[in-house]
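> There's a structure below that I have some questions on.
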Amino acid sequence: MGALMGGGVGLTIGFIFGSWSIIRGGAGPRGFLATLSQYMLSSAATFSFFLAIGSVIRSDSVLPPHFQAAQLQLMAAANVRSKSEGAQLMKARWDAEKRRLAAFSQ
């Protein structure tokens, strides 16, 4: 998918910059079509190469992205606590810290 997107973007950018270069400096000895196609193909190859690498790096997982998003949402919902549960957990941690400090000072 990255290669296809890069190819499309590269062809468009190659057309724009190639046309501008031909307008500014002339077509050269090979002619208008050959010069423009060289700009477009080299730009398309470069963009598609880098976007293909980027898409491979980004999709380097076992699960598809929509399953990963669902999994993260479910995991986040499991870690949500009510205020009373959070207060009980905090009190338990404070009591454990007090006992630890009391044992350390004796």
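Here, each number is a calculation from the coordinates, and none is a lab measurement. Predicted, not measured: the structure shown is a model, and the values here were computed from it. Here the Cβ positions follow ideal geometry from the backbone for every residue, glycine too, while neighbour counts run over all protein chains shown.
> How much length is gained if the chain between I23 and F50 is pulled fully straight, taking 0.36 nm per residue apart and subtracting their Cα-Cα distance, in nm to one decimal? Please report the intermediate quantities before stating the final value.
Details: separation 27, 0.36 × 27 = 9.72 nm, distance 2.84 nm.
The span from I23 to F50 would gain 6.9 nm if fully extended.
> Would you mind computing, in nm to one decimal, how far apart the modelled labels at E97 and Q38 are, each placed 7 Å from Cα along Cα→Cβ?
That separation, rounded to one decimal, is 7.1 nm.
> To test your reading of the geometry: what angle, between 0 and 90 degrees and rounded to tens, separates the Cα axis of helix 2-25 from the longest principal axis of the chain?
40
> Here's something else I'd like to know. What ranking of V56, V9 emerges when the number of other C-beta atoms within 10 Å of each C-beta is taken as an exposure proxy, fewest first?
V56, V9
> Here are a few candidate values for Rg/Rh (Cα atoms, Kirkwood Rh): (1) 1.55; (2) 1.02; (3) 1.51. Which one was actually calculated from the structure I just gave you?
Calculated Rg/Rh (Cα atoms, Kirkwood Rh): the matching label is (1).
> Separate question: Rounded to the nearest 0.05, what FRET efficiency do L89 and H66 give with R0 = 25 Å and r taken as the Cβ-Cβ distance? Could you check?
Values: r = 33 Å, r/R0 = 1.32.
Result of the calculation: an efficiency of 0.15.
> What's the magnitude of the charge dipole for the chain around its Cα centre, counting Lys and Arg as +1 and Asp and Glu as -1 at the beta-carbon? Answer in Debye, nearest 20.
460
> Still on this structure, I have one more. Among 21-28, 95-102, 47-54, what's the highest-first ranking by average C-beta atoms within 10 angstrom per residue?
Numbers: 21-28: 11.6, 95-102: 9.9, 47-54: 16.8.
Top of the packing list down: 47-54, 21-28, 95-102.
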